[in-house]
Structures are given as C-alpha cells and as structure tokens.
Amino acid sequence: MKKPPAKRPVDYTATKRHKKRKPSVLREDTTEWAAVQTATRHKYRTPSVAMNRKYAVTTVSDAKKIAKTWLASFKLENAVDFGLPEVDDRYHVWRVPLVKQGSNYRVGELVLDAYNSIVLAEETTKPDVIESRLLGRVESSPAKDGQAKMPEQMQASFVRNTVILGDCEQALLEMPSQSVDLIFTSPPYFNARPEYEDYLTYEEYLLKMRRVIHNCHQVLSEGRFFVMNVSPVLIRRASRGEASKRIAVPFDMHRLFVKEGFDFIDDIHWVKPEGAGWATGRGRRFAADRNPLQYKAVPVTEYVLVYRKHTDKLIDWNIRNHPDQQAVKDSKITGDYETTNLWRIHPAFHAEHPAVFPLELAKRVVRYYSFKNDVVLDPFAGTGTTGRAAASLSRRFILIENEPQYIEIIRREMPSWLGAATKDVLFMGCEAPDTSSVLL
Ligand SMILES: C[S@@+](CC[C@H](N)C(=O)[O-])C[C@H]1O[C@@H](n2cnc3c(N)ncnc32)[C@H](O)[C@@H]1O
C-alpha cells in the first residue's frame, strides 16, 4: 500500500522545470491537499458503500482530513472537531458533522463530493455562520423586505497589488474570502503542446480546473464576475493514419462554473483578423480537394465566457451597495463601447511566452466588469497582462503564476507599466524587482 507523501511547504523558489515533460500536478504536488487526495485513492481498508461506488473518498479518516484542510483555510481548524462522517450515497456525498472543540455542540456540517473530494460550498455551513455559532452569537434572522443587512463583502477590499509565484490552487486558499472584485484569466491549455504535458488525462485537467474555480469562488465577492478566455484545443495526430482531435474545453469549463456556484451571463467571441488561424493547417485539405465531409472551418475566434458568482441579488444591488460611490461615478463607461458579443481584436505575441492574450482584451473586460480601485485577480497570470490592464484603469491586481520564468517577465516589465508604484507591490515567493532606476 502506497503511503501519501509527507507535507512539505510549497517550494516557491523552484527553478526551471524540466523542459520535455512536466510532472503531473496531481501526482507531484506534495501539499496537504494533494496528500489527502492521494490517500483517498490508495486507502481501501474495508469494503464499504464508498468502495463499491468507486468514490475517491472511501474512509471516515479521509473525510475528516479533507474537512480539516477546509477548516484550516478559514483558520477554524483548532476550534472545530468532528462528529462521525457518513456517506450519503443517494447524493454521492460525505456529510461531516462539525462540533465545537471539546463538546457535542453542533456548529454545522461539511458536505463533500464523494467522487472528487471537493467541498460543496452551497451545501456546507458558511464559515461565518460556524464562527458566530462558536462564539455563541445570536444568529440574525433573515433581513426583512427592503432592510437588507450590509454584508461583509460590501466593505472595500484591503488587498494591495500582489504578485505570487506558486500554484494558484494553493495560493487562493491563503487569500481572505471575498477579497476580490473581478477575476479575468486564461487557463493553461490541456496538452496543447506535447512538450508541456502537464496532465495525464483530460479528466485530471478538468479536476484541477474545478478545484481552481472552486477556490476562486471563495475569494470572489458576492455577485461579482469571473471572466474566462478559453477555446477548443486541437490535439495533433500522432501519425498520418490517425485523426487529430478537437476538445471542446469551453463547454466542459461551463459545466464546472455552474457546478461551482456561478451563473452564466455571456459568451463573448473574441474575433481575430481572418487569416490568423490559417497557419494551424486546419482547412487546407478541404481547400485543395473540396470533398464534402472534409470541410473544416479555420478558427478565428476564442470564447470570453462571463459568469457571475451566484446571488439572489440583482446587479443593481452590487452597484448601489458599493462602498465607494465616488469610484462608481468615476468608473462610468462614456463614449463608444462594444454593443455586441463580437469583439474584434488583434492577437498579441510575446517572445518569451507562447499564449498571451492582448492587452486590449484585458482592458475591455476590466473596464466593463469592475470599478476603479477594485481588486482584479488573474490566477494564471503568465506575463501579467491582466495586471497591466488593471493598473492602466486604476484598479488593483493580484497575479498568480507558477512558472518562475514568467514571473521573471512580470518583475522585469512591471516598472515600465507601473512606474514608481512598483515598489509598493507585494511579491510573494519571489524577489521584488529592483526599482532604483524608476524612482529617480
Ligand atoms: C494561457 S497562459 C496565460 C497568459 C496570460 N493571459 C498573459 O497574457 O500573459 C496560462 C498560464 O498559467 C500558468 N499556470 C499553469 N498552471 C498554473 C497553476 N497551477 N498556478 C498558477 N499558474 C499556472 C502557465 O504557466 C501559463 O503562464
């Protein structure tokens, strides 16, 4: 029986990864979360419903470990104990009763998806409710009509411009809940390049994306937006006799967003100039032979999917209750704007990064979906284009990137787009850049 790896701190100083084939994030990650995941796969001690159903979480102790990690992200792990976790195989979940440390006083319940070990936020007792029960506070009755109480997330976030070197799944767990006002990102491609095979299977890739979306949900304020630039991926054929395969990543991503508590708002199409996709070779065969069935459209669009963190409140509520009404006024979009979901923008290229999105795309998203001084997060930051767009529109930014060489680009280029304010940026897991020249 394989032992789970011991807990080690995230190595933020790791140098260049192996070029040819990167290890799977799921197999190599040595954080406690990953240890729990590994443990759940290998510990089949007793036959049980969980085993028969082929759940990922098969034992009581695994369920407790996951619950402990979840509580730790809210700094509640020392205040809460567990009742006996039970499998509910009608809904394929584990239910872990949460009790006040050293007593039988029940303060809530944590509900886990038994198949993938994700904590189901909608069904789990909210951390602030657990906290107030622990403190013995009287729970407020639901607000009466027209008397909505000022929620926690309506305070302005105190987060300052930050750059983090590390795995965003982990880094997000360290961030205060509801401290972010907009998320804009473009996720890593699933095996888009054979030399960067990060994930063994597409299912592993989706599981990773789901955990990241889940953790993003925690840090995003109620009713605010998560915008994702994503497109289908072409897996090239291995030999002439085989067909290439196209994977509809955006549609699978949509499913994950909905499962993780986001409402679908819009599908914007970023349209590139015609001819942009011809280099991929798609459509050339048909152009030569003109046989039906061989027709393949050359893709010149990418999706910009827009989601809103689920809330029963209208968008108007977010505007009226914004803590800085002057910022709301100053953020009005005057003059021309995009009236349709077709956004025509030239693609961008960076000599040291294979997949940057254009600054213009990031600027539109930031302008349309946030207010001045809001906090904009990009969990897959690459060269930091989102940070650049945010800063140019007087928003704050949090950039997370796990490749040291891309963090190096952000560090090097930042003084040119942020100027003297670079010295106030918090760099975590990496050195702050030398700003002596921009300060003169
Ligand atoms: C499509 S690129 C984003 C490029 C970015 N939009 C830009 O304009 O520069 C995705 C980035 O996610 C990074 N990445 C992949 N997995 C990650 C993870 N688990 N945590 C943080 N960054 C990750 C990759 O190194 C890559 O730079």
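Checking the condition hydroxyl-bearing (Ser, Thr, Tyr) and modelled with pLDDT under 85, which residue from 186, 239 passes? Give the derivation first.
Working: 186 fails: modelled with pLDDT under 85.
It is 239.
Any residue at all in the range 202-224 that's part of a loop (DSSP other than H, G, I, E, B) and in contact with a Phe, Trp or Tyr (Cβ under 6 Å, 6 or more places away or on another chain)? Even if it seems obvious, please write down each step before you answer.
Here is the first cut: in the range 202-224, the residues part of a loop (DSSP other than H, G, I, E, B) are none.
Scanning the range 202-224 turns up no residue that is part of a loop (DSSP other than H, G, I, E, B) and in contact with a Phe, Trp or Tyr (Cβ under 6 Å, 6 or more places away or on another chain).
Restricting the range 369-404 to residues that are in a strand (DSSP E or B) and touching a Lys or Arg at 6+ places or on another chain (Cβ under 6 Å) leaves a set whose member that is farthest from the ligand (Cβ to nearest atom) is 375.
Taking the numbered list (1) at positive phi; (2) within 16 Å of the ligand (Cβ to nearest atom) in turn, residue 223 passes all entries but (2).
Taking every residue in the range 387-412 that is farther than 22 Å from residue 371 by Cβ and polar (S, T, N, Q) and pairing it with any residue that is more than 9 Å from the ligand (Cβ to nearest atom) and at pLDDT below 95, at least 6 positions away or on another chain, the pairs with Cβ-Cβ distances below 7 Å are 405/16.
Selection within the range 336-368: residues that are aliphatic (A, V, I, L, M) and in contact (Cβ under 8 Å) with a residue 40 or more places away in the chain. The member of this set that is farthest from the ligand (Cβ to nearest atom) is 342. Residues of the range 226-252 that are away from the ligand (no atom under 16 Å from the Cβ) and among the aliphatic types (A, V, I, L, M): 235, 238, 243, 248.
The values are calculated or read from the model by the stated rules, or taken from the named source; none is laboratory data. Small disclaimer: the values here were computed from a predicted structure and weren't measured. A quick note on method: Cβ atoms are made from the backbone with ideal geometry, for glycine too, and the neighbour counts reach across all protein chains shown.
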